[in-house]
Amino acid sequence: MRRVGKNVFTEVYFWGCNPGFLHTSDGVVMIDSPQQPIDAMRWREMLQERGPIRHLVNTEPHADHTLGNAYFPDVEVIGHVKLQACFDQYLNQMFTPELRLERMKKEDPDSVFLMGHPDFPPSNPPKRIFNDELTLHVGNHTVKIIHMPGHTAPQTSIYLPEEGVVFTGDNVFQKCKTFIQEADPWEWLGALKRIEALDVETIVPGHGEPCDKSYLKRQAEIIENWIELAEGFVHKGMSEKEALEQEFDVTRLDPYPIGQRLFEMSDRLNKWNVSNVYKHVAARKAGKRLQSEGANIQYYT
């Protein structure tokens with residue numbers, strides 16, 4: 001576990017996202033939940049030693065940020081209205097208990113006995129929702145929950161002004177491969193500028209090590225590289241199918257390795273990124289705009 005502020009901590013070595021928490025004078029505020037059941041249970045026990053868990057804020061709907069919600073059944077979950085709307089699609093439809101159990105047997109046998117545990121519901125979606133921004137006052141801390149669409153449509157940043165820390169979720173992949181498989185890349189670039197405007201010293205990314213604002217430029221360059229690639233395909237009159245058949249130097253676009261036990265899907269992610277960004281570029285050329293509202297692939301992070 002990594003201390004990133006006087007009262008703020010995150011875990012960067014779990015399989016999945018970087019969950020974190022703020023320790024206040026009136027309990028704990030969680031940011032995202034550990035993906036694997038055994039990690040979620042250990043996380044819960046550790047947090048409860050510090051005080052009651054008051055809130056759990058999800059930064060996005062992807063499984064690696066929300067699957068662990070089920071192991072916090074009595075905690076109020078907060079999420080953007082679009083996250084609540086697509087929660088069932090991302091989890092209950094894409095990650096059925098049967099599918100997860102079979103994967104756990106192969107990939108995380110220590111978690112198998114916690115699957116379908118009778119003390120926990122199959123999921124715990126957001127019950128408290130917001131549109132643009134929600135501010136909480138917990139003990140002696142302010143928690144600003146801000147909608148910043150980018151990596152996903154419901155993408156949310158959690159800004160902790162007293163600590164000088166922001167949790168960005170997957171709007172920042174710090175030195176690991178960037179997933180643009182359902183993002184609006186221009187919204188994402190806008191979100192990075194909004195993050196840069198916050199008065200913070202430390203950024204906790206969705207994946208990778210905590211960093212400072214200097215990495216935001218690098219993250220923007222990676223997104224711009226994928227846009228440039230897709231614009232080249234569209235400019236040449238290629239169809240999406242033809243674009244997906246082209247060879248290109250991935251390391252020029254994004255030099256970082258894929259993380260979180262996902263090495264076998266790196267090539268597939270390249271195609272998902274091309275497919276999604278191509279669609280957005282082609283739509284803009286036609287004077288239209290795509291709405292990225294829900295899951296369009298099945299992947300497990």
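Derivation of every value follows stated rules applied to the coordinates shown; laboratory data play no part. Note that the structure is predicted; figures quoted are calculated from it, not measured. Counting neighbours? That spans all protein chains shown, and the Cβs are built from the backbone with ideal geometry, glycine included.
Selection among G169, M46, A63 by position relative to the dipole of the chain gives G169 as farthest towards the positive end (Cβ unit charges, Cα centre). Exposure proxy ranking for E231, E45, based on other Cβ atoms within 10 angstrom of each Cβ and starting from the fewest, stands as E45, E231.
Within a Cβ distance under 14 Å of I222, other residues only, what is the Lys/Arg minus Asp/Glu net charge? So the environment of I222 carries a net charge of -1. Shape analysis of the stretch 2-212 yields a ratio of the Cα radius of gyration to the Kirkwood radius, Rg/Rh, of 0.94. Across the stretch 209-226, computed HN-Hα scalar couplings (Karplus, 6.51 cos²θ - 1.76 cosθ + 1.60, θ = phi - 60°) run 6, x, 8, 10, 5, 4, 6, 4, 4, 5, 4, 5, 4, 5, 5, 4, 4, 5 Hz from first to last residue, x flagging Gly and Pro. Under the criterion of Cα pairs below 8 Å and six or more residues apart, the relative contact order for the chain equals 17 percent.
Holding the Cα-Cα limit at 22 Å, pick out from K106/K127; K175/K271; K127/K213; K177/K236; K82/K144; K236/K285 the pairs that are longer than that. Over 22 Å Cα-Cα: K106/K127; K127/K213; K177/K236. Within a straight-line Cα-Cα reach of under 13 Å, K288 can be paired with the following aspartates and glutamates, leaving aside sequence neighbours fewer than 8 residues apart in one chain: D184.
For the stretch 220-285, what is the Kirkwood estimate of the hydrodynamic radius, computed as the reciprocal of the mean inverse distance between distinct Cα atoms, to one decimal in Å?
12.3 Å
Each Lys and Arg adds +1 at its Cβ and each Asp and Glu adds -1 at its Cβ; summed about the Cα centre, the chain shows a dipole of about 320 debye. In this Cβ point-charge picture (+1 for Lys and Arg, -1 for Asp and Glu), the stretch 36-82 has a dipole of about 80 debye about its Cα centre.
Of the residues I78, P109, F21, the one whose Cα sits farthest towards the positive end of the charge dipole of the stretch 1-135 is F21 (charges of +1 on Lys and Arg Cβ, -1 on Asp and Glu Cβ, taken about the Cα centre). The order of H137, H62, H55, going from fewest to most other C-beta atoms within 10 Å of their C-beta, is H137, H55, H62. Annotation for K271 and K127: the two label points, set 7 Å from Cα along the Cα-Cβ direction, are 4.3 nm apart.
With a Förster radius of 41 Å applied to the C-beta separation of Q291 and S25, the computed FRET efficiency comes to 0.50. Think of the chain as having a plus end and a minus end, set by charges on the Cβ of Lys, Arg, Asp and Glu; of F179, I195, L290, L290 sits farthest toward the positive end of this dipole. Taking Cβ atoms as reference points and 10 Å as the exclusive limit, the residues near G16 contribute a net charge of -3, counting Lys and Arg as +1 and Asp and Glu as -1.
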